[in-house]
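Asker: Structure below; questions to follow.
Values quoted throughout were computed directly from the atomic coordinates according to the rules given, and no laboratory measurement underlies them. Given the structure is predicted, the values throughout are model-derived calculations rather than measurements. Heads up, the Cβs are rebuilt from the backbone with ideal geometry, glycines too, and the neighbour counts pull from every protein chain shown.
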Amino acid sequence: MLQKPKGTYDIYGDKAIEVLYLKKLIEALMDKYNASYFETPIFESSELFHRGVGETTDIVSKETYDFKDRGDRNLTLRPEGTAGIVRSFIENKLYADSLPLKAWYFGPMFRYERPQAGRYREFYQFGFEAFGSNDPMMDAEVIGIIVNLFNILGLKGIKVNINTLGDKESRENYRKALLDYFKPYLNDLCEDCKKRYEKNPLRILDCKVDKENEIMKNAPKMVDYLNEESKNHFEKVKEYLDALNIDYTINSNIVRGLDYYTHTVFEVEADIKGFGSQNVLAAGGRYDHLVEFIGGPSVPGVGFALGLERLLLALEKEGIDIKEKEPLDVYIFGASKEEKKYILSLGNTLRMNGFNVEIDYNNKSFKSNFKKADSLLAKYIIIIGEEEVKSKILTVKNNKTKEEYKVKLDNLIEFLDEKLGDDDED
Ligand code: HAM
């Protein structure tokens, strides 16, 4: 039997209900922020992700799905959303519009990682990117979106960790300090960290292997290398977070796995017992030079992405149920095969008038049709027989109270509108 590829999963049944529920909730939240929806290609030119900045990131160095198409082009399945949105922002000259532009997206990302709980090779991200504001107010606003989403869902066990990487100058000074500091200890570090030392010493700080190593704990801290402007920016971010009543922890070991960050970086983790090691639900930061680096004008950006699977896991761990089924307005079935055309057309008319309708396609017995209507949480049932077709008077049954109404076909829509409107007010 053919099976799905390792590290992927199917969305159907309850999971599909949950995913659609979250997507709708996110869409409504994004409307509140005046954010625009984006969809960019699932594959892009490889060079968009393999930018060769001279620095190393796990995603760029070993985790992408790269392939050649039949035209010998080098393509990559997107490992994250930011680079594609930035490419689109530049290619469509959106920087010429009034800024800031707030963009959001929702879709699959691909990384060749070792699968485990909360880590997949195909996973979904909800992401947000704001272009054209270097004001620290936007950094706080972006973190606020994540916190608001969790609050709306009632998710309590979360922890917001923030840090700053400073601007280019501060980062360069810090880089030098790290090189000096780690030099005598190189042999005590893991193999990956030895490579990081050469290419991007900041990444040594979030090594999972050497985490408990004393050498790490005593390493120089970014805060001590920030210039005035960077310090100021971070102070303001904190003030704006306070203004939004957001609790946060400053965690100087957050450097993030992607190379494009400047100033604020953050990770929102699940603070839930037994959650497992893949506990970062959402993460992001500011990237003031990425647009320019990818070939656009100098436009600052800040954003985040949230992992859908980890959010679902967090909701499950906290016992928050979001898989409530939408009830059906009307279920229609026929007394015999003779009424099939009639129920098909009646169902169609009702759907086009705004009702959610299911019909019986398989000539099931009365008993199984009633059962089906129950399982779909149908509010009303219409049974069509020879008599109904002839008289154009239909029997409409309230599936909760079991009350029956005789309704003229011509008045059916009005009747249902009124009844279902009443139900909604309950
Ligand atoms: P990231 O930290 O690589 O950042 O990923 C963001 C989130 O995606 C993670 O916190 C996690 O919830 C989820 N995630 C990442 N990898 C996996 C995986 N293999 N399986 C399941 N979930 C995963 C970014 O992607 C940046 N683009 C965020 C950003 C946006 N920064 C600025 N703007």
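Asker: So what is the relative contact order for region 261-306, in percent, with contacts set as C-alpha pairs under 8 Å and at least six apart?
Answerer: 36 percent
Asker: In whole angstrom, note down how far apart the Cα centers of region 112-180 and region 215-237 are.
Answerer: Taking the Cα centre of each part, region 112-180 and region 215-237 sit 17 Å apart.
Asker: Within straight cross-link reach of LYS176, meaning Cα distance under 18 Å, which aspartates and glutamates are found once same-chain residues fewer than 8 apart are removed?
Answerer: Within the straight-line limit of under 18 Å, LYS176 reaches these aspartates and glutamates: GLU55, ASP167, GLU198, ASP206, ASP224, ASP259.
Asker: Now a separate question. Hey, any idea what Rg/Rh is for region 330-425, computing Rh the Kirkwood way over Cα pairs?
Answerer: Here the Rg-to-Rh quotient is 0.92.
Asker: Something else about it: From the residues MET222, PHE150, PHE275, which one has its Cα farthest along the dipole of the chain in the positive direction, the dipole being from +1 and -1 charges on Cβ of Lys/Arg and Asp/Glu about the Cα centre?
Answerer: The one lying farthest along the dipole's positive direction is PHE275.
Asker: When the helix-only estimate is applied to the chain (DSSP H runs of n ≥ 4, each -39,500 (n - 2.57), divided by the residue count), what is the mean residue ellipticity at 222 nm, nearest 500 deg cm²/dmol?
Answerer: -11000 deg cm²/dmol
Asker: How long is region 108-232 along each principal axis, judged by its Cα atoms, biggest number first, in Å?
Answerer: 49, 41, 26
Asker: Can you say what percent of the DSSP beta bridges in the chain, counting only those with both residues inside, are antiparallel? Round to 5.
Answerer: Counting DSSP beta bridges with both partners in the chain, the antiparallel share is about 80 percent.
Asker: Charges on Cβ only, +1 for Lys and Arg, -1 for Asp and Glu, centred on the Cα centroid of region 330-425; of SER336, THR349, THR401, which one is farthest towards the dipole's positive end?
Answerer: Of the candidates, SER336 comes out farthest on the positive side.
Asker: Further question on the same structure: To the nearest 20 debye, what charge dipole does region 330-425 have about its Cα centre, counting +1 at the Cβ of each Lys and Arg and -1 at the Cβ of each Asp and Glu?
Answerer: 520 debye
Asker: Measuring from label point to label point, each 7 Å out along Cα→Cβ, what is the LEU186 to GLU338 span in nm?
Answerer: 9.2 nm
Asker: Turning to a different aspect of this structure: Relative contact order of the chain, please, whole-number percent, based on alpha carbon pairs below 8 angstrom and at least 6 residues apart.
Answerer: 15 percent
Asker: For the chain, take the alpha-carbon Rg, divide it by the Kirkwood Rh, and send me Rg/Rh.
Answerer: 1.10
Asker: Within region 266-364, report the trypsin sites (Lys or Arg not before Pro) that DSSP leaves as loop and that have at most 16 other Cβ atoms within 10 Å.
Answerer: LYS273, LYS323, LYS325, LYS364
Asker: How big is the gap, in Å, between the Cα center of region 1-55 and the Cα center of region 258-308?
Answerer: 15 Å
Asker: Tell me the relative contact order for region 330-425 as a rounded percent, counting alpha carbon contacts under 8 Å between residues six or more apart.
Answerer: Relative contact order here is 27 percent.
Asker: Which loop-located chymotrypsin sites (Phe, Trp or Tyr not before Pro) does region 331-426 contain, where loop means any DSSP state but H, G, I, E or B and the Cβ has at most 15 other Cβ atoms within 10 Å?
Answerer: TYR361
Asker: Same structure, new question: Let me know the charge dipole size of region 24-172 about its Cα centre in debye, to the nearest 20, where only the beta-carbon of Lys, Arg (+1) and Asp, Glu (-1) is charged.
Answerer: So the dipole magnitude of region 24-172 works out to roughly 520 debye.
Asker: Next up: Rounded to the nearest 20 Debye, what is the dipole magnitude of the chain about its Cα centre when Lys and Arg each give +1 and Asp and Glu each give -1 at the C-beta?
Answerer: In total the dipole reaches around 1360 debye.
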